[in-house]
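Below is one structure, written out as structure tokens; comments come after it.
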Amino acid sequence: MSWTVIPLLMLNPGEEGEVIQIDGGWGIVRRLAELGIYPGAIVRMMNKSWGPVVILVSGVRIAIGRGMARRILVRPIRRSL
Amino acid sequence: MKKIVVALAGNPNVGKSTLFNALTGLRQYTANWPGKTVERKEGILEYMGYEIRVVDLPGTYSLTAYSLEEVLARRFIVEEKPDVVVHVANSTTLEKDLYLTIQLLELTDKVILALNMIDVAESRGIKIDVRRLSKELGIPVIAMSATKKIGIGELLRTIIGVSEGKVRTKPLRISYGAELEEIIGKLTAKLRGYDLTGYHPRWVALKILEGDPEALEIVRKLPEGDAILSSLSSLGLPVTCPLLADEKDERKRPPCSYCVRIGNSLTCVLIATKRRILAKNLVKLTVRGPRLRTRSEMVDKIVLHKLLGPMVLLCVFASAFILVFTAGKWISDLLTMGVEEAFSLIEAYLAGLLPPLIYDIITGAVFSAIVTVVSFIPLIIMFFLVYSVMEDSGYLARVAVIMDRFMHALGLHGKAFLSVIMAFGCNVPGVMATRALESERDRLIAILINPLVPCAARIGVMAFIVSLFFSGFKATLVMLSLIMISLLLVALTGIILNRLFRGERGRELIIELPEYRMPSLRNVLLLTWPRVKEFLRRAGTLIMLGTVIIWVLYTFPTGEMETSYGGQLGKALEPIGGIMGLDWRAITSLIFGLLAKEQVLAAMSVIYGSELTRILRMSWTPLQAFTFLVVFMIYEPCIATIATIRRETNSWLWTSISLTYTIALAILMGALTFNIGRLISS
């Protein structure tokens, strides 16, 4: 299991990661937690062509700004086939 | 008759309001939660000899006291003890929704899970094992669809069954794992016997470990509250949350200083994670079929593409625009013709019956007001229809994403653009749509730029005047350039305000992107109707009143236009008009746009006389017409918008700043347009 932690923004489309830490104020952490983005959650990068990135969390697509995606740290999950 | 109180809980966007409407029909009323600005909706229905009172709780994602909505929802459940809580969930995003179900089960036993939108889930090949889910959760689970009216009878019968105790519930008790349970157990034991304002000791213990502010407050107020809290340190190591340790601003730090470390993690994180894992496992056990539609992904590849996305957006908006203003105009012409025809018949009939003064008011003012309103209703309806189709299909959320980059220049994020789009229909809902913005500063900027977006009423008037002076392709160009001017001013104003306002910059965009779907006629109509109704209410009263006032002002005291009160006012303002090349008649017409922008045409037909078209063509050069339109487009918002700005900013200062700014800007732009135009043409 890899323990490298990278910003969510660095995930490529299709890749998944486990949220480790959210670097931000109380309000942001709370708002993200409401939408299912909290430490321990599994997120999948869906689209990051331009502007906000689209991620998938527990079956729901959420668009978040790039700056915020940079401050969400995730541990990439490598799927062994 | 036996009475039952039912509370509807659920995430936002799960069709909770649709179910509420389906249950209560027209027997509903709206109030605010005591002392709060959050809306509280209640309704009553009768079923099988029971009077069922339905309370629509605010939409929440969780039940921790992070937001006002969450506090109100859980206080209602604990304090007013509804007989049954119905959790309305979206069948297509069950995992997300079950997170709330699990929390509701910790708060009360009498929960029913209503799997709404089951028809949508089925059409996507999602199969939910309802009986298994019900067994696992220990509560009744009803598959239903509020829009298709499936399962509503079953839901009502179950509500009665649960409230009568005939349907037994045995809610699932979550175990948070040995280590955590030990701490929860000890804390619960300490809290037993105290008055916890109606909450269960275990629940309060859990909430404290989650860092819930309200639970902390309850415990602090207990006689030995502080002792209980500090005893937590013997249970584990109380730590400052490392997730937020580097937050400098004291106020922004979370109040959860009682987090306990277990291994490498914190209790607040562990508790939330446990619930999530439980939700995930429940979905694994009971849901079969595609969780995600790949079709939405394919569409998003194009719609959110770097280059294609904005192009698609431009095409969608251009066609929406053309649709609204050609189809709308066509229907409007047809209606106006019919109404005018009918009025001329009525006029002939009334001529001998009524005293001259009343006859003049009715034919001169009331009828022309009705014609004005009638000619604009189709435009407004078309606009809101198209907007609702975009909303219901899921495209509107993507628009916020695409526009996010552009809106950053104004210091706003993509959601603010939705209020700009709304403003193209009408500035009143436009200003109200800024409520979706979290930061006060962002809201203020969005509210101040909103009146600069030309609403459908203004665009309608502009299109009419443009058609008098320009034709064919040239007319389209003129219209486009006018709208470009207004959008440029919106951008410029936004950029300046962004520099001026130092306050806290709003957070970045966070928005849920729903799956694309075919808009249903029912949904679109349900979304459109309240918007149209609101417009009609305003238009009906304001325009009617305004037209009568104009008529009076231009008839009294002399009966001659030029020497009437209105004429005198216009003449007094003529010097200002002079710098823009506009005479007193044009200026006076504009003044009446204050009541409603459509009013300007009605005012012109009174001021210039019945042969408006011919007279305007004779007395204005195309440049004067263009200048008039520029001024008309920018200057002060109508009275309904002003009232809305006042209500939403809660400040007369900002309201008057908005008013002064738009008027000054209009005069400046008018003077610029006229004088530059003159220079070029000479």
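Regarding region B:460-593, what is the average projected area of its C-alpha convex hull, in nm²?
About 14.7 nm², averaged over all directions.
Calculate the tail of P(r) for region B:1-160: the fraction of all Cα-Cα distances greater than 20 Å, expressed in %.
Of all Cα-Cα pairs in region B:1-160, 46 percent lie more than 20 Å apart.
Roughly how far apart, in whole Å, are the Cα centres of region B:429-467 and region B:175-217?
After rounding, the separation between the Cα centres reads 48 Å.
So what is the relative contact order for chain B, in percent, with contacts set as C-alpha pairs under 8 Å and at least six apart?
Relative contact order, chain B: 9 percent.
Going by a ≥ b ≥ c, the root eigenvalues of the Cα gyration tensor, does region A:17-79 fall in the rounded group (a/c under 1.5), the prolate group (a/b larger than b/c) or the oblate group?
Cα axes put region A:17-79 in the rounded bin.
Looking only at chain B, where both bridge partners belong to it, what percent of the DSSP beta bridges are antiparallel (to the nearest 5)?
Of all bridge pairs located within chain B, approximately 50 percent are antiparallel.
Using the Karplus equation 6.51 cos²θ - 1.76 cosθ + 1.60 (θ = phi - 60°), what ³J(HN,Hα) coupling, rounded to whole Hz, does each residue of region B:208-220 give in order, writing x for Gly and Pro?
My calculation for region B:208-220 gives 5, 5, 8, x, 6, x, 5, 5, 4, 5, 4, 5, 4 Hz in order.
What do you get for Rg/Rh over region B:194-235 if you use C-alpha atoms and the Kirkwood form of Rh?
When Rh is taken as the Kirkwood radius, the ratio is 0.92.
Can you sort B:Arg458, A:Arg78 by how many other beta carbons sit within 10 Å, fewest first?
Ordered by Cβ neighbours within 10 Å, fewest first: A:Arg78, B:Arg458.
Which three semi-axes in whole Å describe the equivalent ellipsoid of the protein assembly as shown, each the square root of 5 times a Cα gyration tensor eigenvalue, listed largest first?
Each semi-axis is the square root of five times an eigenvalue, giving 55, 30, 25 Å.
Taking H as built 1.01 Å from N, whose amide H comes closer than 5 Å to the amide H of B:Ile112, not counting residues under 5 places away?
It is B:Val85, B:Val86, B:His87, by chain and number.
Once the cut-off is 19 Å, how many percent of the Cα-Cα pairs in region B:390-486 end up in the long-distance tail?
48
Ratio of alpha-carbon Rg to the 2.2 N^0.38 Å globular estimate for chain B, to two decimals, please.
For chain B, the normalised Cα radius of gyration is 1.15.
Under the rule of at least 5 residues apart or a separate chain, name every residue whose amide H is placed under 5 Å from the amide H of B:Leu573.
Here nothing satisfies the definition.
Enumerate the calculated ³J(HN,Hα) couplings along region B:667-673 in order (Karplus 6.51 cos²θ - 1.76 cosθ + 1.60, θ = phi - 60°), each rounded to whole Hz, writing x wherever the residue is Gly or Pro.
5, 4, 5, x, 4, 4, 4
In whole percent, what relative contact order does region B:300-454 give with Cα contacts below 8 Å and a gap of six or more residues?
Taking the mean separation of contacting Cα pairs over the length of region B:300-454, I get 18 percent.
Antiparallel DSSP bridges in the protein assembly as shown: what percent, to the nearest 5?
The answer is about 70 percent antiparallel.
When the helices in chain B are scored as -39500 (n - 2.57) per DSSP H run of 4 or longer and the sum is shared across all residues, what 222 nm value do you end up with, to the nearest 500 deg cm²/dmol?
It comes out at -19000 deg cm²/dmol, rounded to the nearest 500.
Just to verify a number: FRET efficiency for B:Tyr47 and B:Arg435, C-beta to C-beta distance, R0 = 35 Å, to 0.05?
That gives a FRET efficiency of 0.50.
Apply the Karplus parameterisation 6.51 cos²θ - 1.76 cosθ + 1.60, with θ equal to phi minus 60°, to every residue of region B:178-190 and state each ³J(HN,Hα) to the nearest whole Hz, in sequence, with x for glycine and proline.
Result, ordered by residue: 3, 4, 5, 4, 4, 5, 4, x, 5, 5, 4, 4, 5 Hz.
Given H placed on each backbone N at 1.01 Å, which residues far from B:Tyr47 in sequence or on other chains put an amide H within less than 5 Å of it?
Placed amide hydrogens put B:Ile52 under 5 Å from B:Tyr47.
Throughout, read-outs are computed from the coordinates displayed, never taken from laboratory work. What you are looking at is a predicted structure, and each value in this text was computed from that prediction instead of being measured. Because the Cβ atoms are built from the backbone with ideal geometry, glycine has one as well, and the counts that use them run over all protein chains shown.
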